[in-house]
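What follows draws every value from the coordinates through simple rules; no lab data is involved. In this text the structure is predicted, and so the values were computed from the model without any measurement. As a convention, Cβ positions derive from the backbone with ideal geometry for all residues, glycine included, and neighbour counts pool all protein chains shown.
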Amino acid sequence: MTTNPIIELDRLTKSYGTKKAVDHLSLKVNKGEIFGLLGPNGAGKTTTILMMLGLAEPTSGQAVVCGINATRNPVGVRRKVGYLPDSAGFYDNLTALDNLMYVGRLNGIPEKDIRSRARNTMEMVGLGAEMHKKTGAYSRGMKQRLGLADLLIREPEVMILDEPTLGIDPAGIREFLMLIRQLSRQQELTVLLSSHHLHQMQQICDRVGIFVEGKLLAEGNLETLAGNLFGKDSFVVQVSLREPLTAPVEIERQLLALPGVNKVSITEGNVDMSCSTDITPDIVRFFVRSGLNVTGVHKKEYGLDEIYHRFFEQNTKKYILNEQAV
Ligand SMILES: Nc1ncnc2c1ncn2[C@@H]1O[C@H](COP(=O)(O)OP(=O)(O)OP(=O)(O)O)[C@@H](O)[C@H]1O
């Protein structure tokens, strides 16, 4: 993946009266990247997307997508960007293939190519066997796949998907997310996803932005976010021993002398160490050299769940109070 920004938001702001729905949002998303805009209801995700598509005018700042200023040239942006809202609409009494061919015609695909392009696109999203069914008989998951086909047939450079998994069952969600990832990787397609589902974002995003009350609190991959948040305690290693330590105080002192170990906690046969870098091999060597019988080594990885909740813990009790008031 290149570091070639295809989405550039510069201090993008949208106010409704005194309410700032989006507040000085600056962000770059690179070509081919899958970026997740993660935040609770009302965080400003949809407003941001609408400004990126030139469908809402920023109060200040700018959104440039594929090198085009979305406010000055919304039509130009929409030619390059495919947008899947949380529910895509189709003509229920037409077959899926006919729906897609209709979209193709509207988008100026030459008549002689339309049928084959539509068929290929249906295959691409895994609906090859269902293309002659009327969309009225499609499940929610199938409709979302058809929504993707509707974007892909226009050959976009960027896909923006707003809560794309809403209403799909768990097995369907996983398949749908994997399909997005596969399409992005195969075609070097940039994808911006908005969601408040941590686990889903964790499955497919290269980077996520944590967005609360119109502000981007942090962005990065999971490792960077964990590093920023948990700081010097980013890596937690737990070593289990067959026998409880006979001289815990001395072991604690020696462990703290290892470069990178910040905290040690000993309970019976378990030793937990918070470290600023991943020094698991050094720790294991230490225990072996000390003649202790190691029965297990576990390195704790911070997931998006912990990162997200830690942000809320750190970033305003006010936010939590507001949530409770709802
Ligand atoms: N047209 C509007 N007029 C007034 N306020 C609005 C308007 N559109 C959005 N808002 C407010 O701006 C804030 C951000 O809304 P937005 O829909 O962008 O959030 P969101 O993160 O997409 O939420 P959700 O996950 O619920 O869709 C909310 O407080 C919302 O009430």
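The shape of the range 67-132 can be summarised by an equivalent ellipsoid whose semi-axes, obtained from the alpha carbon gyration tensor, come to 25, 14, 11 Å from longest to shortest. For the chain, the relative contact order comes to 18 percent (Cα pairs under 8 Å, sequence separation of at least 6).
Among residues other than G44 whose Cβ falls under 12 Å from its Cβ, what is the net charge (Lys/Arg +1, Asp/Glu -1)? Each step should come with its number before you reach the end.
Working: positive: K14, K19, K20, K45, K215; negative: D23, E213.
After counting each charged neighbour, the total is +3.
When peptides 37-46, 280-289 are ranked by their average number of other Cβ atoms within 10 Å per residue, the highest-first order is 37-46, 280-289. Multiplying the residue separation of T59 and L106 by 0.36 nm and subtracting their alpha-carbon distance yields 13.7 nm. Taking each residue as 0.36 nm, the span from N69 to R115 lengthens on full extension beyond its C-alpha to C-alpha distance by 13.2 nm. Take the Cα of R242, go 7 Å toward its beta carbon, and the backbone nitrogen atoms of the range 254-274 under 16 Å from that spot belong to 269-270.
Take the cross-link list K31/K112; K20/K80; K215/K263; K263/K300 and give me the ones stretching past 25 Å between alpha-carbons. Listed pairs above 25 Å: K31/K112; K20/K80; K215/K263. Computed over the chain with a Gaussian network model linking Cα atoms closer than 10 Å, the most mobile of Q62, Q144, Q203 is Q203.
Counting Lys and Arg as +1 and Asp and Glu as -1, each charge on the Cβ, what is the dipole of the range 235-300 about the Cα centre in debye, to the nearest 20? Working shown, then result.
Details: 7 positive and 7 negative charges, 28 e Å.
For this selection, approximately 140 debye.
Spin-label model, V249 to N228: label points 7 Å out along the Cα-to-beta-carbon direction sit 4.2 nm apart. Highest mobility in the GNM of the chain, judged by mean-square fluctuation with C-alpha springs under 10 Å and restricted to S184, S234, S265, is found for S265. For the chain, a simple Cβ point-charge model (Lys and Arg +1, Asp and Glu -1, everything else neutral) yields a dipole of about 780 debye relative to the Cα centre. Summary: within the chain, the longest segment free of GluC sites (Glu not before Pro) located in DSSP loops with at most 15 other C-beta atoms within 10 Å is 1-187.
Computed over the alpha-carbon atoms, the chain gives an Rg to Rh ratio of 1.09, Rh here being the Kirkwood radius from the mean inverse distance.
Here the range 176-201 and the range 259-275 have alpha carbon centers that stand 38 Å from each other. Each of H196, N293, G141 was placed along the dipole of the chain (beta-carbon charges, centred on the mean Cα), and the one lying farthest toward the positive end is G141.
Output the relative contact order of the range 192-265, whole-number percent, from Cα pairs under 8 angstrom with separation of 6+ residues. Mind showing how you got there, number by number?
Numbers: 36 pairs, mean separation 10.4, N = 74.
In percent, rounded to a whole number, it is 14.
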